[in-house]
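Following: one structure in structure tokens, then a few remarks.
Read-outs: derived from the displayed coordinates by stated rules, not from any lab. What you are looking at is a predicted structure, and each value in this text was computed from that prediction instead of being measured. Virtual Cβ from ideal backbone geometry, glycine too; neighbours counted across all protein chains shown.
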Amino acid sequence: MSAAVFFGCAFIAFGPAFSLFIFTIAKDPLRVIILIAGAFFWLLSLLLSSLIWFIAVKASNTDDGKVQKGLLIFGVIFSVLLQEVFRFAYYRLLRKANEGLAAISDDDASPVSVRQMAYVAGLGFGIISGAFSMINILSDSLGPGTVGLNGGSQYYFITSAFMTLALTLLHTFWGVVFFDGCEKSRWWVIVVVVCLHLLVSGLSLLNPLYEGTLPPVYAVTALMAIWAFFSSGGSLHNLSLLSTRKTTTVESS
């Protein structure tokens, strides 16, 4: 049973991200580099967050329950803000790299657009974030022990997997929308992305009240998916053409 839980939760948490990587990134070496570099920037934000957390814990009285809760909230907020700061820093780096690639290209055009970079960078953030969120949980799912015996929720593993999936997709959508806001100097878009990131991370503090966490998180995910679709150049006309093409293909076959 533990092996089934392990593989089931792993496929839920990382299956969609792995599919996106295989079908849209793996064949392009430049995209692979951008994804790995994005993951590295997220790791830098985690390293700095960990350092700040270590200093805060050492400087406070962790025996007090209220202090512990306050530290937890502070850690979540500070970590989210650092992630978005490093996302912006990565955007600036990619923007400079894109200009350099265009300068050395024969047709003065970069082989990868800013929108494509935004998608790949966001997926890099999401994959490494999901890995750090889920790796210990997957390890525990192999046993020994049974979840829920001491009053815990028996849905801990499955809900953690769905939460990791949502965060992975959200980082991808946030990356697309964030980069688009930077490109068009729409700073309110960046503020909205940061606020939604804070909201989703704050909702995770409600666990194990999963019914109060997962529905709003997936509602935000759906809204961000729509927003990212239009930010990346999508339109209702494109969806209409896609459905028409599928219908034509089915009829001709």
Exercise for the section: For helix 114-141, report the angle its Cα long axis makes with the longest principal axis of the Cα atoms of the chain; keep it between 0 and 90° and round to the nearest 10°. Expected result: 30 degrees
Practice task
On a 0 to 90° scale, report how tilted helix 65-104 is relative to the longest principal axis of the chain, with both axes built from alpha carbons and the result rounded to the nearest 10.
Solution key: 20 degrees
Exercise for the section: Assign unit charges at the C-beta atoms only (+1 for Lys and Arg, -1 for Asp and Glu), then state the dipole size of the chain relative to its Cα centre in Debye, rounded to the nearest 20. Expected result: 180 debye
Handout entry: Potential lengthening between residue 53 and residue 113 on full extension [0.36 nm per residue; Cα-Cα distance subtracted]
Key = 17.9 nm
Practice task
Report, in debye and to the nearest 20, how large the dipole of the stretch 1-97 comes out about its Cα centre when Lys and Arg carry +1 and Asp and Glu carry -1 on their Cβ.
Solution key: 360 debye
Problem - For the stretch 2-234, with +1 on Lys and Arg beta carbons and -1 on Asp and Glu, the positive-most of 201, 32, 163 along the dipole - result: 201
Problem - Extension gain, residue 44 back to residue 218 (0.36 nm per residue minus Cα-Cα distance, nm) - result: 59.9 nm
Problem - Top positive-direction residue, dipole computed over the chain with Cβ charges, set 133, 73, 5 - result: 73
